[in-house]
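> I am attaching a structure below and will ask some questions about it afterwards.
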Amino acid sequence: IAVVCVCVCVCVSVCVLPLSFCFNVDSRFALLKQSPNPGSLFGLSVALHQQTNPARYLLLVGAPKERAEPTISANETGDMFTCPISTDPRDCRRSNLITSEPLDPDGIVEGMWLGVSVASQPQGGRVLACGHRYIRKTGDKNILPMIGKCFIRGNDLNYEPDKDYQWQYRYEVCDPTTDLLQEGLCNMGISAVITQKDVIAGAPGCYNWQGNSFVIYRNPNDKYDIQKIKFPDLQQGNIYMGYSVGKDSGVLNEAEDTVVSGAPRDESKGSVILAKEIKKPDGVSELRTQVILRGQQVGSYFGNSIAIVDLNNDGWKELIVGAPFYFDRRKEEGGAVYLFMNENGSFQDKTDLFFTGPKQSGFGMAVAAIGDVNQDGFQDVWLLHQWGVRC
């Protein structure tokens, strides 16, 4: 039975002090949440959601290999579960995202991996869940582009036709009808975040697996007013840009947002690409690369996961990057997490600040900023390997 364990490993790294330490929080009395179906990958993605009516917090849990709903002609689709913050391990409820809206007759939801990414909008906002293997038949119906699909729901997790229609539009991000070779396997939604203003979705299959990161803005007062900003074709195939995504201010500029994209196969060592929105002379905006942070070991998958957080309270946000396939045979270490300190809007090309895990642990498979958990005035981060939590 798949299990989510609500306990964290907190690593506090304060650059102004010669101190770095790590500890587990409440690992003995963790809250456990279980899926009734083995093999569903329940817990592959998680997010904390603030619901306003009723006022409570819910744990959003992705289960991308969950069985299909009985009313769907499919065996396995995945889904998102919502779990109260309680001691009952079996009180999670399935969201049934696929059947909560009209089904697209040309869509193929079998094996779509719904729940591969889940996210909650800050300050009691909306909910996002994606399945990057969603297929929509096009052309003569023999062409099966794997474009991916994301679902957005209201704060109460219900489908709102007047607000959600355009988000469910069949080619919201990737449109193989206009460019099948470039966007027919874009895999949109393998990573995704939702901010107060927009959605950022990773699509590592675009442009011959160069990948892309899409920033999608929708006017809350006009469901047809959509803006989509992305990278151009950089002629860099097979780097998987968009495998992880993030967006925040205080990275390269104090006020302006920076889009951060992981590309774990860039030059075989992986990279993290920092970009900003640029408006071209024709009035169309695009994402343009400003800084590239590169991995140090071939095959380490540097950029598999990223977190953006201000660790030393200087107003500038650091970057934390996971490389779960890093290894050191001599030290029997497996997986690494790198910390790039922000120097007033700039970063060193390489960093010696990194943590490693035990061999074959996949340490750094996931990283996340979790706020000030121990109330010491500094932000904390969560680091994960496939056997548990460790720093």
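The values are calculated or read from the model by the stated rules, or taken from the named source; none is laboratory data. Note that the coordinates shown come from a computational prediction; the quantities given were computed from them, not determined experimentally. Cβ coordinates were reconstructed from backbone atoms using ideal geometry, including for glycine residues, and neighbour counts include every protein chain displayed.
> For the range 195-204, which residues satisfy the criterion of being farther than 23 Å from K65 by Cα and not acidic (D, E)? Walk me through how you get there before you give the answer.
To start, the set of residues in the range 195-204 that are farther than 23 Å from K65 by Cα comprises 195-200.
Result: T195, Q196, K197, V199, I200.
> Right, here's the next one. Filter the range 67-97 for residues that are out of contact with any Cys (no Cβ under 7 Å at 6 or more places or on another chain), closer than 17 Å to N155 by Cα and surrounded by 18 or more Cβ atoms within 10 Å (Cβ to Cβ) and give the result.
M80, S95, L97, listed by residue number.
> Return the residues of the range 257-285 that are out of contact with any strand residue (DSSP E or B) (no Cβ under 6 Å at 6 or more places or on another chain), among the acidic types (D, E) and more than 18 Å from G322 (Cβ to Cβ); say none if nothing qualifies.
D282
> Continuing with this model, one more query. Working carefully through the options G237, G246, G202, G262, find the one that is within 25 Å of K350 (Cα to Cα) and not in a strand (DSSP E or B). Walk me through how you get there before you give the answer.
On the way: G246 fails: not in a strand (DSSP E or B); G202 fails: not in a strand (DSSP E or B); G262 fails: not in a strand (DSSP E or B).
Selected residue: G237, the only one of G237, G246, G202, G262 that is within 25 Å of K350 (Cα to Cα) and not in a strand (DSSP E or B).
> Can you name the residue in the range 231-249 that is farther than 23 Å from A336 by Cβ and buried (at least 20 other Cβ atoms within 10 Å of the Cβ) and is also modelled with the lowest pLDDT among such residues?
Across the range 231-249, the extreme among qualifying residues is F231.
> In the range 329-372, what count of residues is obtained for those that are in contact with a Ser or Thr (Cβ under 7 Å, 6 or more places away or on another chain), not in a loop (DSSP other than H, G, I, E, B) and not β-branched (V, I, T)?
9
> Restricting attention to the range 98-127, and to residues there that are polar (S, T, N, Q) and buried (at least 19 other Cβ atoms within 10 Å of the Cβ), which single residue is nearest to P204 (Cα to Cα)? Talk me through it step by step, then tell me what you get.
Let us first name the residues in the range 98-127 that are polar (S, T, N, Q), namely 99-100, 117, 120-121, 123.
Then keep just the ones that are buried (at least 19 other Cβ atoms within 10 Å of the Cβ); that gives 117, 120-121.
Numbers: S117: 14, S120: 22, Q121: 23 Å.
Step by step, filter the range 98-127, then rank; the result is S117.
> Checking Y169 against (1) surrounded by fewer than 22 Cβ atoms within 10 Å (Cβ to Cβ); (2) farther than 16 Å from V127 by Cβ; (3) modelled with pLDDT of 75 or more; (4) of a type in the set (S, T, Y), only one condition comes out false. Which one?
Here Y169 clears every test but (3).
> So for the range 295-302 (the condition being buried (at least 17 other Cβ atoms within 10 Å of the Cβ), among the β-branched types (V, I, T) and at pLDDT 95 or above), does at least one residue qualify? Give the derivation first.
So in the range 295-302, the residues buried (at least 17 other Cβ atoms within 10 Å of the Cβ) come out as 295, 300-302.
The next check asks that each one be among the β-branched types (V, I, T); those that pass are none.
Scanning the range 295-302, I find no residue that is buried (at least 17 other Cβ atoms within 10 Å of the Cβ), among the β-branched types (V, I, T) and at pLDDT 95 or above, so the answer is no.
> Something else now. Being at pLDDT 90 or above, in contact with a strand residue (DSSP E or B) (Cβ under 8 Å, 6 or more places away or on another chain) and farther than 24 Å from L41 by Cα is true for just one of D104, D156, D164. Which residue is that? Break it down stepwise before answering.
Working: D104 fails: at pLDDT 90 or above; D164 fails: at pLDDT 90 or above.
Of D104, D156, D164, the one residue that is at pLDDT 90 or above, in contact with a strand residue (DSSP E or B) (Cβ under 8 Å, 6 or more places away or on another chain) and farther than 24 Å from L41 by Cα is D156.
> Just need a number here: residues in the range 25-52 that are surrounded by fewer than 13 Cβ atoms within 10 Å (Cβ to Cβ) and under 27 Å from E69 (Cα atoms).
Our first condition is that a residue be surrounded by fewer than 13 Cβ atoms within 10 Å (Cβ to Cβ); within the range 25-52, this holds for 26, 28-29, 38, 52.
From what's left, under 27 Å from E69 (Cα atoms): 38.
Qualifying residue count for the region: 1.
> Further question: Out of everything in the range 69-99 that is outside any strand (DSSP E or B) and under 23 Å from the mean Cα position of the chain (by Cα), what residue ends up being farthest from L128 (Cα to Cα)? Can you show your working first?
First, pick out the residues of the range 69-99 that are outside any strand (DSSP E or B): 69-75, 77, 85-92, 95-99.
Next cut, under 23 Å from the mean Cα position of the chain (by Cα) only: 77, 85, 92, 95-98.
Details: T77: 16, I85: 19, C92: 17, S95: 12, N96: 13, L97: 10, I98: 13 Å.
Result: I85.
> Got a sec? Which of V309, V284 is β-branched (V, I, T), more than 22 Å from I239 (Cα to Cα), out of contact with any helix residue (DSSP H, G or I) (no Cβ under 8 Å at 6 or more places or on another chain) and touching a residue at least 24 places away in the same chain (Cβ under 8 Å)?
Values: V284 fails: touching a residue at least 24 places away in the same chain (Cβ under 8 Å).
Answer to the selection: V309.
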